Amino acid sequence: MTRPRRFLFGTVLSLGLAGCGFALAGYIAGRCCVPPGSGLAGPAIVVGWAALGALAALVGGIVLAAWLPPTGLRIAAVVAGLAGLLVYGSLGYALLVSRAETRAQLEAAYARLPAFRVALTAGPDATAAFERFSADWSRRRFAAAKAGGACEGTLSGEQAVALLTALRAAEGVLFRTPEACAGLGGPVHHVLRASIPSPTPPDTEIDRALSGSCLSAYPDLAEPFAAAERLLRETRCEFTTRATSPDPR
């Protein structure tokens, strides 16, 4: 057997055994090595032992590849390769199913979000990526305007959660301190408007004009503006001259 062919069969043998070692060690670890009450640490323990099993099997495959005669190496490589292919295929399928289930659960959670609306105006003294911004979760859309241009796009579940979290933070400030920003100086150019339906009345309604000094004094009131900026950066929303109204109200 030539050196390249021996290397090829040795590689197949080693990788196949590594896959089998991963599966076998993971199975054994799941049966005997995860203490009761491990919680989220349980899967990590199993994966750790499985990785050790794969490493041991890989080293064993390298040793066997160097020791076995040509005929034995061919047979062992074919058997281990088929077994490893089955293991890798099963792991890949399980990963795809797990991701699909996780995605479905997330989409179901996103569907349960309140159909909130938000409209923001950033003052001329701000360095915001927009002058006006709006989002409407009931329509799954957002829009923004700046310097005579406008952009719009589809609002994803992750982005809706980020916006809603920022609005809840601002709501908390206004709930705890209804007179927040009273007496603070500076021009009032920023506007925060939001409507968040509630399962039990009343719904949350926010309509506040804010100064830059107010946003500095109460950072949570600035969170919706920061969340909108992150959304525009993530989506790389391009401002065009096409007319649009970014206020869903």
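The values are calculated or read from the model by the stated rules, or taken from the named source; none is laboratory data. None of these values were measured; they are calculated from a predicted model. Please note: Cβ atoms are built from the backbone with ideal geometry, for glycine as well, and neighbour counts cover all protein chains shown.
Scanning the range 228-237 turns up one or more residues that are modelled with pLDDT of 90 or more and among the basic types (Lys, Arg). Does Ala29 count as crowded, with 21+ Cβ neighbours inside 10 Å, closer than 23 Å to Ser90 by Cα and assigned by TED's automatic domain parsing to the domain that holds Gly92? Against the criterion (crowded, with 21+ Cβ neighbours inside 10 Å, closer than 23 Å to Ser90 by Cα and assigned by TED's automatic domain parsing to the domain that holds Gly92), Ala29 does not qualify.
Of the residues Arg99, Arg168, Arg74, the single one that is of a type outside the set (Val, Ile, Thr) and within 21 Å of Ile206 (Cα to Cα) is Arg168.
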